[in-house]
Amino acid sequence: MLEKLEFYIDGAWSAPADARQLEVVNPADEQAFALISLGDAEDVDRAVAAARRAFEGWSTTPLSERIDLMKKLRSVYEARIDDMAEAISKEMGAPISLALNGQAMAGLGHIKAFTRTAVSYDYEHALDERNPQEWIVHEPVGVCGLITPWNWPMNQVALKVVPALLAGCTVVLKPSEISPLSSMLLAEMIDEAGFPAGVFNLVNGDGAGVGAAMSSHPDIDMMSFTGSARAGIAVQKAAADTVKRVSLELGGKSPNIVFDDDALADAVKRGVRQCFLNTGQSCNAPTRMLVERSAYEKAVGIAAEIAAKTTVGNPSEEGRHIGPLASKAQYDKVQSLIDTGITEGARLVAGGPGRPEGFNRGFFARPTVFADVTNDMTIAREEIFGPVLVMMPFDSEDDAVKIANDTPYGLAAYVQSLDEERAVRIARKLRAGMVQLNGANRPSGSPFGGYKQSGNGREGGPWGFEEYLEVKAISGWPSA
């Protein structure tokens, strides 16, 4: 059993105030393989105090030195990327190929991208040509509390930690207690790279304990949270009394609008595979497929066929299969929602309740497709976060847009049409922070975030960098 019972505070590993242990479970075999400690408010106080002490020095450290340290972290990360992939695969069940090429590589990609952003960012400038005496300065926010989820652990951690440190902030990180080992490995890397004590701190714990203590802490200047809408609301409420900045990246129920084009088969195949990627545990997954009625039954048949061909396998094995859900709680939730879909009258065309054939343990779910879903059904409203696709027909562009926007979420949306003018026209009408047309990939540095209950703020690129900067206006600046 791997024991990782300490927290990284003030540049050193130290014991928690109250030694409460939690098992980290491998979702593929339901066996505990590591032990961590759950922290409390006292541990948060120590971490915040360390970050506060470090802030003055770190915030005034020349940008060139902060960038040099980030480049050292990049080198350490590159050397240990296989270790990172293995940690992610074991803790949350991502197949090892995805854990390496998708999950771990995402963290490295964000280090590279934010370093470029930090180099090119305009930190000080005149208000405009007419007002050179009005000087605009972008300064670090201060001490930042970061809470990250289990589904893309290093992707989400890097999207917060890297820009915060480059901007000159100090941080306290609470990773998900379901997938903490990847973040603890990152702490080892940060230590090896030589970041000053107190600049980065890590405290493991749950939301009710460490998360709540961070959100309400008077010496934390900003909270950045990624997770469920319910938990995000709790963070924002807890932060309200101290009027700190809060950035939220929450859930989604992203529509995928498919028109009756010659490329229908490819569009449906791509949509199903995107939905099932990471075992459906992605907040921007295209989980609602809206198909033009003239092609609807054909699309349903294609989707059912792709689901049936989707392989479920052990995450330790190489390949393009999907792995287990990350935890028993997530497995139980997905199973409950599949049952609800059947009860509410959706047509089950692939998959269904229970484990796939050949699995009698592990949190494996069957790749599932529901047809004839209406937008008032539970499976059309709630974020399932599993390999479950819901399909529904539409009759016109306006009908498609109405159905797509009829959701409390607004994270991502997808449009499939060979008519480029139509695709762009619809993209402009969709109430979502990100729209992908015809399978286009999102490049590094594009802003990630959404509308409505999908949160506020953006991660990635200059938008994600600015989350960690305050704006100061200085009047009477010497124009010379």
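Kindly indicate whether Ser183 is hydroxyl-bearing (Ser, Thr, Tyr) and either touching a helix residue (DSSP H, G or I) at 6+ places or on another chain (Cβ under 8 Å) or under 25 Å from Ser89 (Cα atoms) (or both).
Numbers: hydroxyl-bearing (Ser, Thr, Tyr): yes; either touching a helix residue (DSSP H, G or I) at 6+ places or on another chain (Cβ under 8 Å) or under 25 Å from Ser89 (Cα atoms) (or both): yes.
Yes: the conditions hold for Ser183.
The single condition among (1) in a helix (DSSP H, G or I); (2) over 24 Å from the mean Cα position of the chain (by Cα); (3) buried (at least 16 other Cβ atoms within 10 Å of the Cβ) that Glu56 does not meet is (3).
Just name the residue that is surrounded by the most Cβ atoms within 10 Å (Cβ to Cβ) out of those in segment 299-321 that are within 18 Å of Asn360 (Cβ to Cβ) and β-branched (Val, Ile, Thr). Don't jump to the end; show me each part of the working.
Within segment 299-321, the subset within 18 Å of Asn360 (Cβ to Cβ) is 311-317, 321.
Remaining after also requiring β-branched (Val, Ile, Thr): 311-312.
Values: Thr311: 11, Val312: 22.
My answer is Val312.
Checking every residue in segment 307-321 against the condition of being part of a helix (DSSP H, G or I), in the same structural domain as Ala432 (by TED's automatic domain parsing) and either among the β-branched types (Val, Ile, Thr) or within 19 Å of Tyr409 (Cα to Cα) (or both) gives zero matches. Just one of the listed residues (Ile342, Ile338) is outside any strand (DSSP E or B), surrounded by fewer than 19 Cβ atoms within 10 Å (Cβ to Cβ) and among the hydrophobic types (A, V, I, L, M, F, W, C), namely Ile342.
Considering the conditions (1) within 19 Å of the chain's Cα centre (by Cα); (2) more than 30 Å from Gly323 (Cβ to Cβ); (3) surrounded by fewer than 18 Cβ atoms within 10 Å (Cβ to Cβ), Glu139 is excluded by exactly one of them, (1). Out of Arg288, Arg270, one residue alone is among the basic types (Lys, Arg) and closer than 30 Å to Phe225 by Cβ. It is Arg288.
Only one entry in Val203, Val161 is β-branched (Val, Ile, Thr) and within 14 Å of the chain's Cα centre (by Cα), namely Val161.
Given the condition within 23 Å of Val415 (Cβ to Cβ), surrounded by 22 or more Cβ atoms within 10 Å (Cβ to Cβ) and touching a strand residue (DSSP E or B) at 6+ places or on another chain (Cβ under 9 Å), answer yes or no: does some residue in segment 439-446 qualify? Don't jump to the end; show me each part of the working.
Narrowing segment 439-446 to residues within 23 Å of Val415 (Cβ to Cβ): 439-446.
Narrowing the set further to residues that are surrounded by 22 or more Cβ atoms within 10 Å (Cβ to Cβ) leaves none.
No, every residue in segment 439-446 fails to be within 23 Å of Val415 (Cβ to Cβ), surrounded by 22 or more Cβ atoms within 10 Å (Cβ to Cβ) and touching a strand residue (DSSP E or B) at 6+ places or on another chain (Cβ under 9 Å).
Among the residues making up segment 70-80, those that are crowded, with 16+ Cβ neighbours inside 10 Å and either part of a loop (DSSP other than H, G, I, E, B) or touching a Leu at 6+ places or on another chain (Cβ under 8 Å) (or both) are Met70, Arg74, Tyr77, Arg80.
Determine which member of the set Leu159, Leu146, Leu166, Leu186 is in the same structural domain as Ala238 (by TED's automatic domain parsing), at pLDDT 95 or above, closer than 18 Å to Ser59 by Cβ and part of a helix (DSSP H, G or I).
Unique residue meeting the criteria: Leu166.
The sole residue among Gly464, Gly455, Gly450, Gly386 that is farther than 27 Å from Ile338 by Cβ, surrounded by 21 or more Cβ atoms within 10 Å (Cβ to Cβ) and modelled with pLDDT of 95 or more is Gly464. Kindly evaluate Ala87 against the criterion of being outside any strand (DSSP E or B), in the same structural domain as Ile178 (by TED's automatic domain parsing) and crowded, with 16+ Cβ neighbours inside 10 Å. Answer is yes for this residue. Counting residues in segment 42-50 that are in a loop (DSSP other than H, G, I, E, B) and either among the small types (Gly, Ala, Ser) or in contact with a Pro (Cβ under 8 Å, 6 or more places away or on another chain) (or both) gives zero. Scanning segment 15-46 for residues that are β-branched (Val, Ile, Thr) and in contact with a helix residue (DSSP H, G or I) (Cβ under 7 Å, 6 or more places away or on another chain), we see that the one that is surrounded by the fewest Cβ atoms within 10 Å (Cβ to Cβ) is Val24. Which condition number does Ala158 fail, the rest of (1) surrounded by 22 or more Cβ atoms within 10 Å (Cβ to Cβ); (2) in contact (Cβ under 8 Å) with a residue 60 or more places away in the chain; (3) closer than 29 Å to Glu124 by Cα being met? Of the numbered conditions (1) surrounded by 22 or more Cβ atoms within 10 Å (Cβ to Cβ); (2) in contact (Cβ under 8 Å) with a residue 60 or more places away in the chain; (3) closer than 29 Å to Glu124 by Cα, the odd one out for Ala158 is (2). The numbered conditions (1) closer than 27 Å to Ala326 by Cβ; (2) surrounded by fewer than 24 Cβ atoms within 10 Å (Cβ to Cβ); (3) among the hydrophobic types (A, V, I, L, M, F, W, C) are all true for Ala193 except (1).
The values are calculated or read from the model by the stated rules, or taken from the named source; none is laboratory data. All figures in this text were calculated on a predicted structure; none of them were measured in a lab. We place every Cβ from the backbone using ideal geometry, glycine too, and count neighbours over all the protein chains shown.
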